[in-house]
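Below is one structure, written out as structure tokens, with a few remarks after it.
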Amino acid sequence: MKDCIFCRIAGGEIPAYKLYEDGDFMAFLDIRPLTVGNTLVIPKKHYRWVIDVPEFGRYFEVAKLMGERAIKSLGAEWVSFLTLGFEVPHAHIRVIPRYKKDLHGTVVDIEKFEKLSESRMQEIASKLREEGS
Ligand SMILES: [Zn+2]
């Protein structure tokens, strides 16, 4: 879709901290991270909602892989997965690595963001790319 920011990222028109890509799916760092290593997993083709994505199981396997990388390489304690679907009208799973001392309580507060420098984002991205792939 022409004016969709995630379609433009998938098409390489807009740069992103890309972490994973296969024929159907892509993962990249959220530039407004709720926690360190907050990753978005999208289908490369435009679908409005997560439930519209074919191969739903394989889609979530990619989200799991990204969560496992965050545990291994960033020291996350556990991982929250969130699929609200409103901020960008292109299906996305938020993979949210959780830490004992992050900005959130039991439930993730989507109004609270980490302020991370570009070099810190680069460092996080390189850690999340290394594991497993
Ligand atoms: Zn799109």
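The values are calculated or read from the model by the stated rules, or taken from the named source; none is laboratory data. Predicted, not measured: the structure shown is a model, and the values here were computed from it. Please note: Cβ atoms are built from the backbone with ideal geometry, for glycine as well, and neighbour counts cover all protein chains shown.
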Quiz item: Just wondering, is there one or more residues in segment 71-92 that are in contact with a strand residue (DSSP E or B) (Cβ under 7 Å, 6 or more places away or on another chain), more than 16 Å from the ligand (Cβ to nearest atom) and touching a residue at least 60 places away in the same chain (Cβ under 8 Å)?
Solution: no
Quiz item: Which one of the conditions (1) in contact with a Lys or Arg (Cβ under 8 Å, 6 or more places away or on another chain); (2) in contact (Cβ under 8 Å) with a residue 40 or more places away in the chain; (3) surrounded by fewer than 14 Cβ atoms within 10 Å (Cβ to Cβ); (4) not aromatic (Phe, Trp, Tyr) does Ile31 fail to meet, given that it meets all the rest?
Solution: (1)
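Of the residues that make up segment 118-126, is at least one in a helix (DSSP H, G or I), at pLDDT 95 or above, within 19 Å of Lys18 (Cβ to Cβ) and among the β-branched types (Val, Ile, Thr)?
Applying the first criterion (in a helix (DSSP H, G or I)) to segment 118-126 yields 118-126.
Of the ones still in play, those that are also at pLDDT 95 or above are 118-126.
Then drop every residue that is not within 19 Å of Lys18 (Cβ to Cβ), which leaves 118-126.
In the following step, the residues that additionally are among the β-branched types (Val, Ile, Thr) were identified as 124.
Within segment 118-126, one or more residues are in a helix (DSSP H, G or I), at pLDDT 95 or above, within 19 Å of Lys18 (Cβ to Cβ) and among the β-branched types (Val, Ile, Thr).
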Practice problem: Output the qualifying pairs, or none if there are none: Cβ atoms under 9 angstrom, residues six or more apart or on different chains, first residue in segment 39-51 and touching a residue at least 12 places away in the same chain (Cβ under 8 Å), second residue assigned to a strand (DSSP E or B) and within 12 Å of the ligand (Cβ to nearest atom). | Solution: Leu40/Met26; Val41/Met26; Ile42/Met26; Pro43/Met26; Lys44/Met26; Val50/Pro43
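Return the only residue of Ile71, Ile110 being touching a Pro at 6+ places or on another chain (Cβ under 8 Å), β-branched (Val, Ile, Thr) and surrounded by fewer than 18 Cβ atoms within 10 Å (Cβ to Cβ).
Values: Ile110 fails: touching a Pro at 6+ places or on another chain (Cβ under 8 Å).
After applying the criteria, what remains is Ile71.
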Self-check item: Members of segment 93-108 that are without any contact (Cβ under 8 Å) to a residue 60 or more places away in the chain and part of a loop (DSSP other than H, G, I, E, B)
Solution: Lys100, Lys101, Gly105, Thr106, Val107
Quiz prompt | Flag for Phe6 being under 15 Å from Ile93 (Cα atoms), touching a residue at least 40 places away in the same chain (Cβ under 8 Å) and either among the aromatic types (Phe, Trp, Tyr) or exposed (fewer than 15 other Cβ atoms within 10 Å of the Cβ) (or both) | solution = yes
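Only one of these is basic (Lys, Arg), closer than 25 Å to Glu118 by Cβ, within 16 Å of the ligand (Cβ to nearest atom) and more than 14 Å from the chain's Cα centre (by Cα): Arg8, Arg48. Name it.
Working: Arg48 fails: closer than 25 Å to Glu118 by Cβ.
Among Arg8, Arg48, only Arg8 is basic (Lys, Arg), closer than 25 Å to Glu118 by Cβ, within 16 Å of the ligand (Cβ to nearest atom) and more than 14 Å from the chain's Cα centre (by Cα).
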